[in-house]
């Protein structure tokens, strides 16, 4: 309800209409019937070739039609892809925020700059390597009576935080 109340004015209305249209069109064009319709259009075009002596106009019809459809579909696909990416990101953020012990900085990772993402990626790789090394040492020793992997991961994370610059 609050979301609907925050959207006001003609621009929001046009955006909602376009979003709804884009979703509906993307859904329909992803169906087998849409593919069969496209095949039928091409088949009709091919069959009419001899009727028009394979003229330039005959070729221009399919070229123009496919160009226009492709051009418009790019925007529809981008809209639905943006929406799908955002919904997936929101779901992942909710999971990160709900997990006990998770680092909440990952919940808003999509807002980081490329440099910040690279730094975070390197940090995650270091932590994964520390955890992997620890697990491999445990396996070599037989692993009996040793800490559980979750505890090992937490220790590796603590070690990384202590060795990180600025700590």
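See the values below:
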read-out	value
Test for residue 91: is it within 30 Å of residue 127 (Cβ to Cβ), outside any helix (DSSP H, G or I) and without any contact (Cβ under 8 Å) to a residue 40 or more places away in the chain	no
Residue in the range 83-97 that is over 30 Å from residue 154 (Cα atoms), surrounded by 13 or more Cβ atoms within 10 Å (Cβ to Cβ) and not assigned by TED's automatic domain parsing to the domain that holds residue 154 present	yes
Enumeration of residues in the range 99-120 that are farther than 18 Å from residue 154 by Cα and in a helix (DSSP H, G or I)	107, 108, 109, 110, 111, 114, 115, 116, 117, 118, 119
Residue match in the range 100-107 (condition: in the same structural domain as residue 30 (by TED's automatic domain parsing), surrounded by 13 or more Cβ atoms within 10 Å (Cβ to Cβ) and under 30 Å from residue 27 (Cβ atoms))	no
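Conditions tested, residue by residue: (1) within 27 Å of the chain's Cα centre (by Cα); (2) closer than 30 Å to residue 16 by Cα.
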site: 40; (1), (2): no, no
site: 52; (1), (2): no, no
site: 58; (1), (2): no, no
site: 88; (1), (2): yes, yes
site: 97; (1), (2): yes, yes
site: 100; (1), (2): yes, no
site: 109; (1), (2): yes, yes
site: 115; (1), (2): yes, no
site: 127; (1), (2): yes, no
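The values are calculated or read from the model by the stated rules, or taken from the named source; none is laboratory data. Since this is a predicted model, take the numbers as computed values, not measurements. Virtual Cβ from ideal backbone geometry, glycine too; neighbours counted across all protein chains shown.
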